[in-house]
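Asks: One structure follows; several queries about it will come next.
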Amino acid sequence: VVDIAFNGANVAKAFGAIDYTKVLYRFETDLSTHIKTCCINLDVYNSFNDELKAIWDEETGDKMYEDFRAFVDKSEQEQWAGFDENPNLDVRMITNDQIAAWKEAIMPFADAQLEELRTDHPDLDAARKIWEDSIANYYASN
């Protein structure tokens, strides 16, 4: 369950794991296989003149997000409809109010994998710090 949840149901399907699965858990806010990011260095963005900032904001703003979200919603429905049509597969929805319990249940597994990653990749925490600092910088600038 955990590996498929982290990697997405389509990945499990592509590698044939769905053929041996009896139950597939679907998260209510499942966007695990549909992530799109537009990033720009804040110093670079701040160096733009107002016209260029307006173009960037328009191209990466609400309209793009709405269009992409519509695409994601459509493809998610198509993906899950295909799973729902499989008579040997029970698709169960995990609602948003149940997510905390799932996080708690998989935490020991996730912690063990994180420790294994740290052993194999000593620079993992430094990379996470860069990522976390970048997120904090984004929120501080908005």
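Asks: Is region 44-65 home to any residue that is part of a helix (DSSP H, G or I) and either touching a Pro at 6+ places or on another chain (Cβ under 6 Å) or among the polar types (S, T, N, Q) (or both)?
Replies: yes
Asks: Being out of contact with any Phe, Trp or Tyr (no Cβ under 9 Å at 6 or more places or on another chain), free of Cβ contacts under 8 Å to residues at least 12 places away in the same chain, within 25 Å of Ala17 (Cβ to Cβ) and among the acidic types (Asp, Glu) narrows it down to one residue among Glu104, Glu51; which is it?
Replies: Glu104
Asks: When region 83-100 is examined, which residues are found to be assigned to a helix (DSSP H, G or I) and either among the polar types (S, T, N, Q) or within 19 Å of the chain's Cα centre (by Cα) (or both)?
Replies: Within region 83-100, Asn96, Asp97, Gln98, Ile99, Ala100 qualify.
Asks: For region 116-140, give me the residue count where each residue is loosely packed, with under 10 Cβ neighbours inside 10 Å and more than 30 Å from Asp43 (Cα to Cα).
Replies: 2
Asks: Please work out which one of (1) modelled with pLDDT under 75; (2) of a type outside the set (Ser, Thr, Tyr); (3) not in a helix (DSSP H, G or I) is the condition Asn10 fails and give its number.
Replies: (3)
The values are calculated or read from the model by the stated rules, or taken from the named source; none is laboratory data. Since this is a predicted model, take the numbers as computed values, not measurements. Ideal geometry is used to build each Cβ from the backbone, glycine not excepted, and the neighbour counts take in all protein chains shown.
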